[in-house]
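This report concerns only the one structure given below.
The values are calculated or read from the model by the stated rules, or taken from the named source; none is laboratory data. No experiment lies behind these values; they were computed from the predicted model shown. Don't worry about glycine lacking a Cβ; one is built from the backbone with ideal geometry, like all the others, and counts go over all protein chains shown. Side chains are part of the model used for accessible areas, which takes the heavy atoms of the whole protein and leaves out ligands, DNA and RNA. Shrake-Rupley method; radii C 1.70, N 1.55, O 1.52, S 1.80 Å.
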Amino acid sequence: MSVFRALLRAGTRLYRRLFRRRFDSRTREVAERLRGVPVFGHLSSTALHAMAGVTHRRTYRRGESLYYEGDPGLGLYVIESGRVRLVTERVSEATHELRMIEADEIIGGLSLLGDFRRLETAETVTETQVLGFFRPDLKNVMRRNPKAGMEITMALARHLAAEHVELIQRYEQQADARTALRAYAEAAEAAGGDVPAEM
């Protein structure tokens, strides 16, 4: 290795050490909060801080809606405190509760990966504090730090894939394996995707 290259590397290391970005207390606190969320718990510190730097903290009163069924999905929410219930009116004329969401869970993750409409309404049961992370925020992270953006996207994709597999298994328990796999194949075809070879 040439002397010039060694000096350049030493200078680069010194520059990074001296001028490395110092995160403000809010970014550090949000990054630690995100580390406690199972979906994002394995992200690198760089990715967590990149995500934390662009999240939006919001507080909702009891009975407010974060979003409505049928709305365009713009991003996900991490529940910091409080409780949110997911409801739908598709099943019947009345509101039907699908699930209760607690602290350190996420909702709306699918909308980060595409322009999908909300499948349910998310309404608060108690005063609730959330962190919002939206598609423009992800694009911003990807532009500034592509590696961090890819980590966040992959974490979300793994989470959604696990939900997908769980959905098929639950459908299989309610019907049968052939019906579940046929429905999966038809959904993949309707979405324009390829059905995996394992089918």
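Could you check Val30 against (1) closer than 20 Å to Ala155 by Cα; (2) in a loop (DSSP other than H, G, I, E, B); (3) of a type outside the set (Ser, Thr, Tyr) and say which number it fails?
For Val30, the failing item is (2).
Condition first: in contact (Cβ under 8 Å) with a residue 60 or more places away in the chain and open to solvent by less than 90 Å² (accessible area, probe 1.4 Å). Now tell me which residues in region 139-188 satisfy that.
Answer for region 139-188, where residues must be in contact (Cβ under 8 Å) with a residue 60 or more places away in the chain and open to solvent by less than 90 Å² (accessible area, probe 1.4 Å): Asn140, Val141, Asn145, Ala148, Gly149, Glu151, Ile152, Ala155, Leu156, His159.
Arg61 passes all but one of (1) closer than 15 Å to His159 by Cβ; (2) more than 16 Å from the chain's Cα centre (by Cα); which number fails?
Just one mismatch for Arg61, condition (1).
Every residue in region 97-128 that is in a loop (DSSP other than H, G, I, E, B) and under 28 Å from Met154 (Cβ atoms), please.
Result: Glu102, Ala103, Asp104, Glu105, Gly108, Leu113, Gly114, Asp115, Phe116, Arg118, Leu119, Glu120.
With the structure loaded, tell me whether Val130 is among the β-branched types (Val, Ile, Thr) and at pLDDT below 90 or whether it fails that test.
Criteria not met by Val130.
Please enumerate the residues belonging to region 64-75 that are within 16 Å of the chain's Cα centre (by Cα), in contact (Cβ under 8 Å) with a residue 60 or more places away in the chain and more than 17 Å from Val141 (Cα to Cα).
The answer is Leu66, and nothing else.
In region 112-149, how many residues are touching a Lys or Arg at 6+ places or on another chain (Cβ under 8 Å) and more than 15 Å from Val39 (Cα to Cα)?
Of the residues in that region, 9 qualify.
Looking only at region 76-96, decide whether some residue is touching a helix residue (DSSP H, G or I) at 6+ places or on another chain (Cβ under 6 Å) and closer than 25 Å to Gly41 by Cβ.
yes
Here is a yes/no grid of residues against (1) farther than 13 Å from Ala50 by Cα; (2) touching a helix residue (DSSP H, G or I) at 6+ places or on another chain (Cβ under 9 Å); (3) not in a helix (DSSP H, G or I):
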| residue | (1), (2), (3) |
| --- | --- |
| Val130 | yes, no, yes |
| Val141 | no, yes, no |
| Ile152 | no, yes, no |
| Leu160 | yes, yes, no |
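Identify all residues within region 119-136 that are under 15 Å from the mean Cα position of the chain (by Cα) and open to solvent by 20 Å² or more (accessible area, probe 1.4 Å); write none if there are none.
Result: Phe134, Arg135, Pro136.
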